[in-house]
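The values are calculated or read from the model by the stated rules, or taken from the named source; none is laboratory data. Just so we're clear, the structure is a prediction, and the values are computed from it rather than from any experiment. All Cβ positions, even for glycine, are placed from backbone atoms using ideal geometry, and neighbour counts span all protein chains on display. Just the protein is used for accessible areas: all its heavy atoms, side chains included, with ligands, DNA and RNA removed. Shrake-Rupley method; radii C 1.70, N 1.55, O 1.52, S 1.80 Å.
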Amino acid sequence: MQSCGTTAWMSVNVILLVASSPAISQGGSRWAVYARRGALSLLGMAALAYVGIVALVYFRQEKLIFSPVPLNADHQFKIADVEEVKVPVAGAELSALHLRLPNPKGVVFFLHGNGGNLQTWLTGVDFYRRVNYDLFMIDYRGYGKSSGQIESEAQLHDDMRVAWNRIAPQYAGKKLVVYGRSLGTGLAAKLSSDVQPDLTVLVSPFESLKAMGDAHYPWLPGLVNRYPMRSDEWLPKIKGPIVIQHGDMDTLIGLSHGERLTKLREGIELVVVNGAGHNDIHKFQKYLDTLADRLKNL
């Protein structure tokens, strides 16, 4: 099935061909003029339609990228040892959950994917108890009980840095880990390049959202993408170890993205989880064993 942009450009080519074709005979010249005028009118309409599509994508990008699921303000997270935290940011307040253990080795600062909320993402509490790491997980603007709405990539990065600055000082002398999953890998890559944690974990990462956009929407101008999330530019700036886990059955963000990221600098480890897709990789024992091993050996 062709995309609407591809179809539009095919129509434009046909119209141009008709508009530029010479009259076959003197008797048909009048019809040729009518045909050219009609073709030029259609060309104008196609161009306006294309501009409209581009404008729609530009201004409605948040609807294409983010799929927040709100929670009622009185929603209660009933998980042992987990407390709800409010993080004030510019013009909003973010909801976060903080697993606090008696004497943790460190903390995992967890940035989740583009859908759901904390209620659906906080499923591995027992795992973090076993490896003795606290867990801090935050909802982006408009997700769960977080207020506000996402308006720009810069805003997202600023929010994550505010949350990090609030949590990291509580773990002085302990291990600091930045973890990103799917969409969160872009935010994690940028944050790690700025704060230089002891370990960066990226699960099902993209090379960049720019690369994803170029692959899926080649007919759109590159400048339309307001969320390029250039993980490929940030990873080489991270000095500490980086572990990438990627399923070989991931059809949303293909394994090739993880492979290309691994080549950006020496020391980036790629763990391929055989049989894992995009949404179920956390259920595979190889994923769990790898993450547990890297956390314990920090």
| Solvent accessible area, Å² - F284, 1.4 Å probe, full protein context | 60
| Kirkwood hydrodynamic radius of region 204-249 from all distinct Cα pairs, in Å? | 12.1
| Accessible area in the full protein assembly, largest first, 1.4 Å probe, for T262, T251 | T251, T262
| request: Filter the cross-link list K63/K174; K190/K286; K175/K263; K210/K237; K210/K263; K63/K296 down to pairs whose alpha-carbon distance in this structure exceeds 28 Å. | output: K63/K174; K63/K296
| field | Accessible surface, 1.4 Å probe, highest first, among residues L261, L288 | value | L288, L261
| message | For a Förster distance of 45 Å, can you work out the FRET efficiency between the beta-carbons of K175 and M45, rounded to the nearest 0.05? | response | 0.15
| field | Rounded FRET efficiency, nearest 0.05, which uses the C-beta distance separating V272 from N72 and R0 of 35 Å | value | 0.30
| note | Env charge @ L94, Cβ radius under 15 Å, K,R +1 / D,E -1, value -2
| field | Most to least accessible of V272, V89 (protein chains only, probe 1.4 Å) | value | V272, V89
| query | Between K237 and M249, what length in nm is gained on full extension when 0.36 nm per residue of separation is reduced by their alpha carbon distance? | reply | 1.4 nm
| field | In sequence order, calculated HN-Hα J values of region 163-177 (Karplus, 6.51, -1.76, 1.60; Hz; x Gly/Pro) | value | 5, 4, 4, 7, 8, 3, x, 6, 10, 4, x, 10, 7, 10, 10
| Which far-off residues, 5 or more places away or on another chain, put their amide H under 5 Å from the one on V273, with H placed in the peptide plane? | H246, G247, D248
| To the nearest 10 square angstrom, how much accessible area does M212 have with a 1.4 angstrom probe? | 30
| region 74-189, relative contact order in percent, only Cα pairs under 8 angstrom and at least six apart counted | 32
| task | Provide the FRET efficiency to the nearest 0.05 for the Q285-V125 pair, computing r from the beta carbons and using R0 = 22 Å. | result | 0.75
| field | 10 Å beta-carbon shell around V243, net charge (K/R +1, D/E -1) | value | -1
| query | Relative contact order for region 178-298 using alpha-carbon pairs under 8 Å, separation at least 6, rounded to a whole percent? | reply | 24
